[in-house]
1. Grab the Cα-Cα distance for residue 21 and residue 148, subtract it from 0.36 nm times how many residues apart they are, and report the gain in nm with one decimal.
2. What is the extension gain from residue 362 to residue 295, computed as 0.36 nm multiplied by their sequence separation minus the C-alpha to C-alpha distance, in nm to one decimal?
3. Does anyone have the angle between helix 38-49 and the longest principal axis of the chain? Alpha-carbon axes, 0 to 90°, nearest 10?
4. Starting from the 7 Å offset along Cα-to-Cβ, what nm value, one decimal, do you get for the label separation of residue 342 and residue 10?
5. Grab the beta carbon distance between residue 520 and residue 105, set R0 = 41 Å, and tell me the FRET efficiency rounded to 0.05.
6. Determine how large the accessible area of residue 236 is when every protein chain is in place; take a 1.4 Å probe and give Å² rounded to the nearest 10.
7. Can you give the angle from 0 to 90° between the axis of helix 104-116 and the longest principal axis of the chain, with both taken from C-alpha atoms, to the nearest 10?
8. No solvent, one uniform scatterer per C-alpha: report log10 I(q)/I(0) for segment 170-261 via the Debye equation at q = 0.10, 0.12 1/Å, two decimals.
Amino acid sequence: MNADLSNARIRISVAAILVLLAAVLLSLRLLYLQVWSHDELATMAEDNRVALVPIQAPRGRIYDRHGEVLARNDAGFAAVLGDDHVKNIDALLAELTPLLELGPSDHRRIRRSLADSRRKDPVVVRSRLTDLEVARLAAHQNSLPGLQIVQRSTRVYPFGDAASHLLGHIGRISQSDIQRLDRESQSDQYQGVSHIGKLGLERSYEEALRGKLGYQRLEVTASGDVIRELGVKPSRSGKSLTLAIDWSLQQKIERAYGSRRGAAVVMDPRNGEVLAFVSMPNFDPNRFVDGIDPVLWESLNNSPDVPLFNRALRGIYPPGSTYKPFMALAALASGERKPEDTISDPGYFMLGNHKFRDSRPEGHGTVDLKKSIVVSSDTYYYKLAIDMGVDTIHDHVSPFGFGRKTGIDMLGEVDGILPSSEWKKKRFGKVWLTGETPSIGIGQGYNSFSILQLARATSALANGGKLYKPRLVRSVLDTETGEEIPTQPLLERDLELREDWLALVRDAMIEVNQKGTGARVFAGATYSVAGKTGTSQVFTVGQKERYNAATVAERLRDHSLYIAFAPAEAPTVAMAVIVENGGFGAAAAAPIARIALDHLLVPAKPSAP
């Protein structure tokens, strides 16, 4: 009896202790929730009650120098897959296909966008709906789980593929974009943002163009139904860009290329503004805005014409004979040649047992510095290169900006190659060979420059030796405040070239178009133009062979180049043009330059009444 009573008391005591301990724990938990974690939990509760809906900022427009709209935003309705997307994409696409007349490319694009999208980012099914499509979707809304019809502005490039490498394009933020933004500590700026600049000016001026995201605060139920709007923080429009580009000039040059490949850069030598920035072939940037069809993407990537490659910015080529005016100035500056010094040009140059051929087999006879440019004597520059040596050439030509980035306001520029003995040692671990030097003198060998570099160096010839940084953007407009900030000319350096040397080279380049290799192309021009044709080798023939374009595969034929500035006495335009595998410089590149210069310098005829 006593034992049972004792056991009962023990059990009651244990139970009491447990009850007391539970009460203490509950009190502590209540104290933790109500006091210590009050602010955090109140915020969580508010987050559950309040939904923040991002308001995309209108992206800034892009204009040419005359106000032509090159990139804009069109308002309308779009069909998108919402935050949770959809559980059965196959069923949804089957339902949507007849309503929106979707094709296989649309299906591939949507599936790829779903795979690449960030969680909760809407995926665009159709970026611009017609009134009929809106009506169809609204009538079938109940059978389309996850699909929403939303108001949305769409980035539009009204001229299609024109100047696509210049303008670039925007696209949905991808996983690689997220990784880059993380590396650059910019992820916070893209919370709720769905698109980003991918290429060209859209990428290079992304920060100015994108604007600032706004938010709509909505009170919602636990199931997500909207009760009311609590407030709005408006978005801030992106800034607009006015380019230095002359759009009509840009289009004329692009049309002149036709289906050929190449690049052209036209500059104002007085300030470094870029009037045309051409890379051919183009691509349609509109196809990239909401995700590109994977099949089309593969075709663009695998095309032998490489339409996604920006040849004006990233292509590097041997300059061929367009290098000779710069070699002539280097010869004068180094003291290796005087204007009156002459050589006998038999049509070749011998170095040991190796014969370096001239483009004219019979040679040019007695050649001085000026004549060497007018008739484009290879023999003169073979010998000059040997007399100067590669390092002297490098030191006196590098001030023109060859072999290094120009500093243009577009991302992705390459350096190119201006060779020296030190460069070869670092690149290949080998010493420079004398036999490599003659080809350097005629713009071949290791020489590899961008057309942008060549255009800027030509501008320096035109303006008396001033090397400007090329600029694509003329001004930036804050559409909210109306403040427009012009970009200023950026003079990198004054080469301080002697005027008599410049005059000699300028006069020689004028004669090129009067009685030299450019004479036929510029016959009848109403303005004076200083120019130089060039042909750069892609395929090297043997010592005992002569190059014959008819027997060489099209993509192994020589490149056609041309540089020019005009009017020669007071230049307002300078340019460089290349037509890949176009052959002789006067045959393909110079005619494009003539079209551009006529457009800029010949007054338009008044239209008939």
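1. Details: separation 127, 0.36 × 127 = 45.72 nm, distance 5.32 nm.
Length difference between fully extended and current span is 40.4 nm.
2. On the way: separation 67, 0.36 × 67 = 24.12 nm, distance 5.37 nm.
The residue 362-residue 295 span can extend by a further 18.7 nm.
3. Taking Cα atoms only, the helix is inclined about 80 degrees.
4. 13.0
5. Working: r = 47 Å, r/R0 = 1.15.
About 0.30, to the nearest 0.05.
6. 100
7. It is inclined by approximately 70 degrees.
8. Once normalised to I(0) and log-transformed, intensities are -0.48, -0.62.
The values are calculated or read from the model by the stated rules, or taken from the named source; none is laboratory data. Please read these numbers as outputs of a predicted model, since none were measured by experiment. No Cβ is skipped: glycine too gets one built from the backbone with ideal geometry, and neighbour counts run over all protein chains shown. Note: accessible area is taken over every heavy atom of the protein model, side chains too, but ligands, DNA and RNA are not part of it. Shrake-Rupley method; radii C 1.70, N 1.55, O 1.52, S 1.80 Å.
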